[in-house]
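The block underneath contains the structure these notes are about, expressed in structure tokens.
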Amino acid sequence: MDSSREAFWKIIFPLLFGFFVALIPMSIKFDQLERQTKAERDAIAGQMSHLRDLANQAAEHAADEKRECDAAIMGDGAHTILVDVNHPYGGPDQIMYKTVSNAIITLPTGNPRIEGGPIWVVPRAITPHVVDGVLGAAYTHIWPDGRTDGWHAPARAE
């Protein structure tokens, strides 16, 4: 019986010794792989953070550009209403009131048989100028608070 035990330990001992000796390089390799994985994750997290920052900056820049563009288009919030009262346009009834930008304006009268003519709404306060042949033009401004400054004849373009 002792000989079988000795034979057993003679076989098992080298196997166990080899297993424990193999654990050392295997644990070193696992540690290297774990460190490499952590370094790669940190690098990717840094890149993702940088990309998020760039995306936020681009979104802020686009929003700033949109605000600037809207401000350039809308100007001071006023609207300029341009009318050509002598334009041969429309039916026999004259329309005296038009609702533009939440304000009711009275159109200037031209020929009583002709409707007010085409109306253009410019989204800012401008002072228009006319060329020869446009004698029935008129303009007014509607300010953001709803007031108007009356109808004016535009200056002649020089």
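The values are calculated or read from the model by the stated rules, or taken from the named source; none is laboratory data. All values derive from a computational prediction rather than experimental measurement. Methodologically, a virtual Cβ is constructed for each residue, glycine included, from the backbone with ideal geometry; neighbour enumeration extends over all protein chains shown.
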Residues in the stretch 8-24: is at least one in contact (Cβ under 8 Å) with a residue 40 or more places away in the chain and either polar (S, T, N, Q) or in a helix (DSSP H, G or I) (or both)? no
On the basis of being out of contact with any Phe, Trp or Tyr (no Cβ under 7 Å at 6 or more places or on another chain), among the charged types (D, E, K, R) and at pLDDT 95 or above, does ASP42 make the cut? yes
Pick out the one residue from ALA103, ALA157 that is exposed (fewer than 11 other Cβ atoms within 10 Å of the Cβ), modelled with pLDDT under 75 and aliphatic (A, V, I, L, M). ALA157
